[in-house]
Amino acid sequence: MDQAEKLRNLVKQQSAPRSIARVITVTSGKGGVGKSSLSVNLAISLSKLGKRVIILDADFGLANIEVMLGIRPRYNLADLMFHGKSLTDIITEGPENIGFISGGSGIQELTSLTRDQIIYLIQKLVELDERADFIIVDTGAGIADSVLEFVAASSEVLLVATPEPTSITDAYALLKTLNKKPDISLQNTVIKMVANRVSTYDEGKDLYDKLSIVVSKFLSIKMEYLGAMPQDSVVSKSVMKQKPAVMLYPNSPFAMTIIDFAKTLCQNEATEYHMKKGIAQLFSNLLRSRIKK
């Protein structure tokens, strides 16, 4: 059996529905639009609904998740791949029973993995799928290759944008770049837009409609609308206090919106089961160009 066949068999081990995590990748066309805030608060809200949740910080070079949670992980993904640490070692315990994995330099080093290291990583990630109901991947912002590859490898993506013209332009640029890459197929990827910092929920829907019209006209990408997050001062306050807003201000408009998002995602779980391919499959897709066919 060659290494590629070993990898395929490892991924196929995820045959039981209960052992496959639902992976949601959160991204944006530009930084500073609330992507990491959505990731953290959504994770907390899903956990409060009884789901096992792990956040993977795939934004190499920035520690936004660490800052927002007020947690400094002892180990990261690179320690799993290169320094003999176990999956348990690199999962840091967060508030409300969520887990947190720092990508660290491991995200940048994915492109230099040997095939044996890829096999080892996927094997460990199969174990991770068995530990979580939801895995939220917080990517970097923009159109860097690492961001595009994560989005393309995902089956479910939340794209965050604000009413600022630059945010809309950059969100479209990300989708356009993905659509133009010959080695990327988004046929099995559903992108759900989240409008952030809107004055009214109607403003959020208008924002989606404008982007959706252009996307449907010029790009072959499926895009849906999850909802809008209102402009709310509790978000910046919670960041300063390094505690998630849904915990500090549970009755705020922002927190109530995130809770509704979590409920919607849970309600959709049955109808969207075909998208539950797990974190092991995501990384298998991500690293497929390095696997001998």
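Structural remarks
- All positions within region 212-231 that are among the aliphatic types (A, V, I, L, M) and farther than 16 Å from residue 189 by Cβ: 213, 214, 228, 229
- Some residue of region 91-100 being of a type in the set (A, V, I, L, M) and modelled with pLDDT under 90: no
- Sub-6 Å Cβ pairs linking a first residue in region 237-260 that is over 16 Å from residue 43 (Cα atoms) to a second residue that is assigned to a helix (DSSP H, G or I), at least 6 apart or interchain, are 252/234, ordered by first then second residue.
- Of the residues contained in region 133-146, one or more are found to be out of contact with any strand residue (DSSP E or B) (no Cβ under 9 Å at 6 or more places or on another chain), touching a residue at least 12 places away in the same chain (Cβ under 8 Å) and either farther than 21 Å from residue 43 by Cα or in a helix (DSSP H, G or I) (or both).
- Here residue 82 does not fit the description of being of a type in the set (Phe, Trp, Tyr) and either in contact with a His (Cβ under 7 Å, 6 or more places away or on another chain) or within 18 Å of residue 38 (Cα to Cα) (or both).
- Residue 269, sole failed condition from (1) assigned to a helix (DSSP H, G or I); (2) modelled with pLDDT under 95; (3) closer than 24 Å to residue 150 by Cα: (1)
- Which listed residue, of 149, 156, is out of contact with any Pro (no Cβ under 9 Å at 6 or more places or on another chain), under 19 Å from residue 181 (Cβ atoms) and touching a residue at least 60 places away in the same chain (Cβ under 8 Å): 149
- All of (1) within 19 Å of residue 246 (Cα to Cα); (2) modelled with pLDDT under 95; (3) surrounded by fewer than 17 Cβ atoms within 10 Å (Cβ to Cβ) hold for residue 111 with one exception: (1).
- For region 222-245, a residue qualifies if it is surrounded by fewer than 19 Cβ atoms within 10 Å (Cβ to Cβ) and of a type in the set (Ser, Thr, Tyr), and the qualifying residues are 225, 233, 236.
Conditions (1) more than 22 Å from residue 155 (Cα to Cα); (2) charged (D, E, K, R); (3) in contact with a helix residue (DSSP H, G or I) (Cβ under 9 Å, 6 or more places away or on another chain), marked per residue:
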residue	(1), (2), (3)
172	no, no, yes
176	no, yes, yes
179	no, no, yes
187	no, no, no
225	no, no, yes
243	yes, yes, yes
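- Considering 74, 131, the condition of being out of contact with any Pro (no Cβ under 6 Å at 6 or more places or on another chain), closer than 22 Å to residue 154 by Cα, surrounded by fewer than 22 Cβ atoms within 10 Å (Cβ to Cβ) and modelled with pLDDT of 85 or more is satisfied by 131 alone.
- The residues in region 169-187 that are of a type in the set (Ser, Thr, Tyr) and loosely packed, with under 15 Cβ neighbours inside 10 Å can be counted, and the count is 2.
- Of all the listed residues (190, 157, 214, 147), the sole one being surrounded by fewer than 19 Cβ atoms within 10 Å (Cβ to Cβ) and under 16 Å from the mean Cα position of the chain (by Cα) is 190.
- Test: residue in region 286-293 that is assigned to a helix (DSSP H, G or I), at pLDDT 85 or above and of a type in the set (Lys, Arg): no
The values are calculated or read from the model by the stated rules, or taken from the named source; none is laboratory data. These numbers were taken from a predicted model, which means no experiment stands behind them. Because the Cβ atoms are built from the backbone with ideal geometry, glycine has one as well, and the counts that use them run over all protein chains shown.
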